[in-house]
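The values are calculated or read from the model by the stated rules, or taken from the named source; none is laboratory data. Everything numeric in this text was worked out from a predicted model, so none of it was measured. Reconstructed Cβ throughout: ideal geometry from the backbone, glycine too, with neighbour counts over all protein chains shown.
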Amino acid sequence: MESDTQPAKTPPAYEQIKRYVIRQIEAGTWRDGDMIPSESELVKQFGVARMTVTRALRELSGERVLTRVQGAGTFVAARKYEATLVEIGNIADEIAARGHRHRAHVLSLDESRDPAALEALGLAHGPAFHSRIVHYEEDEPIQHEDRFVNPAVFPEYLKQDFTQYTPNQYMVRVAPIQRAEYRIFAQQADAALRRLLRMEIGEPCLMLWRRTWVGTQVATSVTLSHPANRFQFSGSF
């Protein structure tokens, strides 16, 4: 019987160069302010046309991963939030601010070809990266995080230890969010979610769905679920 499975398509050359640059930054090989190899060196390294390298570096500059200085070279951009960027709250910091201990239990960390997730991330082809994590305040489960991630923005995502830091903390270091959209709503949790969050039958679940961008690329799509009797959203602007 013939299989319907199609072989994974090789990313275009400019995308491979972008991923290479991001990997060097994530690994700490290239740090804030470091000059990266010249276009000529990258052309030789990857065996591609100069216009391919130029496109990769131009897009990374537009996404604020790199800074290009005419006559001087291309440098790793400083990884800092700016006033114009979107600030996303971090559950570990929120719990610490209340004087409590945060811990995380990683349920899964793998690839996904979920059609709805790929559509939300704007990916024509999979896979996306997928993580499911339960966050605890002391010993009470307070949040279930169901996150899909664009591999082009965070290529090293699956290698992270999210018991030591949250996905939010990791992503802020790699590529600060510049735009976000979200919805807050309440709904009944299914049996699996009730077990994870130790909720009673009929207890409402407070949900936040959020999609974020880095530059022109959708970076993540996440659904955060909370037991309504133990959690509330608050903020000011």
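Of the residues making up the stretch 91-119, those that are part of a loop (DSSP other than H, G, I, E, B) and either surrounded by fewer than 13 Cβ atoms within 10 Å (Cβ to Cβ) or outside the structural domain of Arg132 (by TED's automatic domain parsing) (or both) are Arg98, Gly99, Arg101, Arg113.
Output yes when any residue across the stretch 42-63 is under 22 Å from Gln217 (Cα atoms), out of contact with any Ser or Thr (no Cβ under 6 Å at 6 or more places or on another chain), modelled with pLDDT under 90 and of a type in the set (Val, Ile, Thr), and no when none is. No, that holds for no residue. If we scan the stretch 217-233, do we find a residue that is touching an Asp or Glu at 6+ places or on another chain (Cβ under 8 Å) and within 15 Å of Val65 (Cα to Cα)? Checked against the condition, which is being touching an Asp or Glu at 6+ places or on another chain (Cβ under 8 Å) and within 15 Å of Val65 (Cα to Cα), the stretch 217-233 yields at least one hit.
Identify, from the list Asp139, Asp161, the residue that is among the acidic types (Asp, Glu), surrounded by fewer than 20 Cβ atoms within 10 Å (Cβ to Cβ) and modelled with pLDDT of 95 or more. Can you show your working first?
Numbers: Asp139 fails: modelled with pLDDT of 95 or more.
Just one listed residue meets the conditions, Asp161.
Among the candidates Arg210, Arg183, single out the residue that is surrounded by fewer than 12 Cβ atoms within 10 Å (Cβ to Cβ) and either within 28 Å of Ala77 (Cα to Cα) or not hydrophobic (A, V, I, L, M, F, W, C) (or both).
Working: Arg210 fails: surrounded by fewer than 12 Cβ atoms within 10 Å (Cβ to Cβ).
One residue alone meets the criteria, Arg183.
Pairing residues of the stretch 190-209 that are under 11 Å from His144 (Cα atoms) with residues that are in a loop (DSSP other than H, G, I, E, B) and polar (S, T, N, Q), at Cβ distances under 8 Å and at least 6 apart in sequence or on separate chains, gives Leu206/Gln232.
Remark: pairs (first residue in the stretch 25-39, over 23 Å from Arg50 (Cα atoms); second residue modelled with pLDDT under 85 and of a type in the set (Gly, Ala, Ser); Cβ separation under 6 Å; 6+ apart in sequence or on different chains) = Asp32/Ala78. Which members of the stretch 93-126 meet the condition of being at pLDDT 95 or above and out of contact with any Phe, Trp or Tyr (no Cβ under 9 Å at 6 or more places or on another chain)? Once the filter is applied, which keeps residues that are at pLDDT 95 or above and out of contact with any Phe, Trp or Tyr (no Cβ under 9 Å at 6 or more places or on another chain), the stretch 93-126 yields Leu107, Ser108.
For the criterion of being within 28 Å of Arg113 (Cβ to Cβ), at pLDDT 80 or above and either touching a Cys at 6+ places or on another chain (Cβ under 8 Å) or in a loop (DSSP other than H, G, I, E, B) (or both), Pro11 passes.
For the stretch 178-237, the set of residues classified as among the basic types (Lys, Arg), at pLDDT 90 or above and outside any strand (DSSP E or B) consists of Arg194, Arg195, Arg198, listed by residue number.
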